[in-house]
Each structure stands twice: as C-alpha cells, then as structure tokens.
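Chemist: I have a structure here, written as structure tokens, and I will follow up with some questions on it.
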Amino acid sequence: MELELFQTLGISLGLGLLVGLQRQHDQSELAGIRTFPLITMFGTISAYLAQDFGGWVVAAGLLSLAGLVVVANLMRSKGPYVDVGLTTEAAALLMYAIGAYLALGSGTVAVAVGATVAVLLHLKDTLHNLISRIGQRDLKAIMQFVVISLVILPVLPDDTYGPYNVLNPYNIWLMVVLIVGIGLSGYFAYKIFGQKAGTLLGGILGGLISSTATTVSYARRTKDSSNTSSNLATLVIFTASAVSFARIITEVAVVAPGTVATVAPPLAAVLLLMLLLGAVMYFFKRDETDKMPEQENPAQLKMALVFGAIYAAVILATSFAKEQLGSSGLYMVAIVSGLTDVDAITLSTSRLMQTGNLELNNGWRLILVAALSNLVFKAVLVGLLGNRSAFSRIAVLFGIVLVAGLLVLWLWPEEFSLLSSLTAQ
C-alpha cells in the first residue's frame, strides 16, 4: 500500500513540476515551478483523506485554493508593485493536510512529503536559476519526452503480435522511453555545463547522448588542425566509447536485473581496460581543452520512431536467427545490428535473457560482440571523416580493446558466470 502511495505522490509531484516549469518559463506571476507541485500534492493528499472522511474534504480544499487565487488576483489588480505569490499559502495548506495524514494515515509517507516540501521551499533560488537557463529548444525537448513517455506509452497495447509472436508495442516503446531518457539526461547535463565542458566531461556527456554522433563530430573537427587536435579528439571519442560500455551494463541492469551477476562481469572487464587506457591518455593530454560541439535534442519524435523500428527489427531478426539458424545466426544479427545501434541488440537480448528464452552465457557474448562491432564501425567513421593522425590513434586503441574483447569471449570461464549466478540467488 505504501508503495502505491509513493507512486501516486511521485506522479503528482512530477506533473506539478512539469506544469510549473511551463508556467515559470512563461513568467507567470501567479504560480510557478514551486507552487504547482505544492498544489498537486495538496490535491492528492486531500483525495486520500476523502477516502476516510468523504468527498467534502476535496471540495473544501478546492474552495480554499480558489479563494487564495481570487485574493491574489485582487491584490495584484490594485497596483503594479504588489508582489503576490501563492507558495507560502499553498505550502500552509499542504502542510495542514500532511499533518492530518500523519495522524490518520501512513507516517512514512507523510514524513517523506513533508521533507519534499521543505526542500522545494529551500531551493527557490536554485530552481529559478535553472529555469532561467532553459531556452525554447530545451523546453521543446522536455515536452517531446512527455509526449513519448506519458502520452504515447500508456495507450499502446500490451500484447504480442506479428511473426514469432514477439512484437509487443508497449514493451518496444518502453525501450524507446528508456533510451531517450538516457540521452536526454546527457543532453541537459551538457546544457548545464555548457560548451566549455572539459575534455573528459565532454567524452562522458557524448557517451550518454550518442557515442556514434560524438565520434562523427570530433572526427570531422580533426580535418581542421586549428580547431581540434588529433590527440584531444581521440581522447573524447575513446571516452565516449567507454561510457557506452557503462551504458550497456546499465541497460541490462534496468531491463534484466536478474541477469546482472552473470552478464555484467565480462562486460565490466572490457570497460575496466578502456578506463585504464583512457586514464593514461588523459594523464598525458589533460592540458588540451576544446569546446564541446552543439548537441542535438535526443527526444525528437522522429528519432524515437526510428529507434523503435530498429528495435522491432532486431527482435524479429533475433527470433528468426534463433529458430532457423541457431547460435551462429544470433551472432550475425549481433554483428550487423551493433554496427549502427548497440542499444537495440542490448535491450532485445536482455529481454530474452530475463524471460528465459536465451542462455545467459550466450546473451552476454551477443551483447559484447555487438559492442565490439560498434567499435569497428566507429573506427571506420574516423578513418573516413577524420585525419590520418586521429585514425591511427583510434585504430590502435580500439584494436587493443577489440583483442581484449575477443579474448574475453574465448577465455571467460563459464564456471565464473555460474558462480556469479548462484551468489546472486
């Protein structure tokens, strides 16, 4: 029951923040980024109280809030210098409801909501400064993600269709939401730190948003030696690729948490090697700086539809290969899909492992093969778009990782994977 309450209040808070963000961006004088979350949570608490005391509680709360709005507007109409806000009034109403719920409902939930109110009130300047840095393009990205996650996802059917009965529109779009969410977090981190983010941070953000796009951008920049050096471009591209391995492990943990003990260690071994190589590069080239290229909005509906189509195609190809071609066919799918988008094969393989339709030892190998295939593809991009110096450096680094990855595929003991699975259980 408490989990359900937290989920409901979390959604209430999120919706309040969303509407408050939009109103704050439009410089509303009545209510903004802090007031709307307080109002929505006040309504939620009132509704829960009404379950025990009757619907008049909700009506009384609505009348109280309406009275505050009327009074605020009357005061504002008296002169241009009246600064009227509803934050204190809304907070007072909400804390009244929390106090009542603390005695009549769940104390844990009441304490958590009360602490949230305190934090919202304390972060006034921080939240307002953050909103002031959000432009029209950034607001559009947020609204597009809302459409993708809160408008499209809930209406999709949660049933399987098509050949092999493996295409589930809800699950496919849920993976789209996950990937877009990861990219959007990197995008806003980039907006916070700005174009002057350090080399290492630039690579990390690039890996969160898109390591392939980062590779293309920095490879092109090496054509002009006065813009970006080959050493710096190599470090950023390699860092972004290392982050993509961490991203793969995160995706597996989210989609198939029961497989992490078996799947994560071999992938983490390759990631550790990349981190060591990246640390050595950074130590020798840490004095070089450059501006991070402008990043595209990852929440565009067109991009989401393209990824959804790729993910569905990978699911179909994997099911076909598994039934018609056996293990060799699965590896061919991993190689081909990994060339363009390693996320799709990672997510589809993770779901197969989670449902028991694919052995874990085969699953992590498919994911690693796709990741290594993606490294080869990015090396080719650097060779085609960058200068010879950048390509030679990337070829050496990616070559070391490729050899190490192949050794992991060949020599990783299955006994270790079995032990990890037993330990997790």
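The values are calculated or read from the model by the stated rules, or taken from the named source; none is laboratory data. These numbers come from a predicted model, not from an experiment. Cβ sites come from the backbone with ideal geometry, for glycine too, and all protein chains shown count toward neighbours.
Chemist: Name the pairs whose Cβ atoms lie under 7 Å apart, with the first residue in segment 389-406 and under 19 Å from residue 229 (Cβ atoms), the second outside any helix (DSSP H, G or I) and of a type outside the set (A, V, I, L, M, F, W, C), and 6 or more positions between them or separate chains?
Modeler: So the pair list comes out as 390/222.
Chemist: Which ones in segment 371-393 are closer than 16 Å to residue 207 by Cα and either under 24 Å from the mean Cα position of the chain (by Cα) or not aliphatic (A, V, I, L, M) (or both)?
Modeler: Result: 371, 372, 374, 375, 377, 378.
Chemist: From the set of residues in segment 314-335 that are free of Cβ contacts under 8 Å to residues at least 12 places away in the same chain and assigned to a helix (DSSP H, G or I), which is farthest from the chain's Cα centre (by Cα)?
Modeler: Ranking the candidates gives 324 first.
Chemist: Pick from segment 194-218 the residues that are more than 19 Å from residue 371 (Cβ to Cβ) and of a type in the set (A, V, I, L, M, F, W, C): which of them is modelled with the highest pLDDT?
Modeler: Ranking the candidates gives 205 first.
Chemist: Moving to a separate point now. When you check residue 364 against the structure, is it surrounded by 18 or more Cβ atoms within 10 Å (Cβ to Cβ), on the phi < 0 side of the Ramachandran plot and in the same structural domain as residue 221 (by TED's automatic domain parsing), yes or no?
Modeler: Yes: the conditions hold for residue 364.
Chemist: I would also like to ask the following. Looking at segment 148-175, I want the residues that are surrounded by fewer than 14 Cβ atoms within 10 Å (Cβ to Cβ) and have a partner that is among the small types (Gly, Ala, Ser) with Cβ atoms under 9 Å, at least 6 apart or on another chain. Which pairs are those?
Modeler: Listed pairs, sorted by first residue: 162/312; 163/319; 164/319; 165/319.
Yes/no per residue for (1) among the aromatic types (Phe, Trp, Tyr); (2) at pLDDT 85 or above; (3) part of a helix (DSSP H, G or I):
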| position | (1), (2), (3) |
| --- | --- |
| 282 | yes, no, yes |
| 294 | no, no, no |
| 351 | no, yes, yes |
| 366 | no, yes, yes |
| 373 | no, yes, yes |
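Chemist: So for segment 386-400 (the condition being at pLDDT 90 or above, surrounded by 15 or more Cβ atoms within 10 Å (Cβ to Cβ), in contact with a Pro (Cβ under 8 Å, 6 or more places away or on another chain) and in a helix (DSSP H, G or I)), does at least one residue qualify?
Modeler: No - not one qualifying residue is present in segment 386-400.
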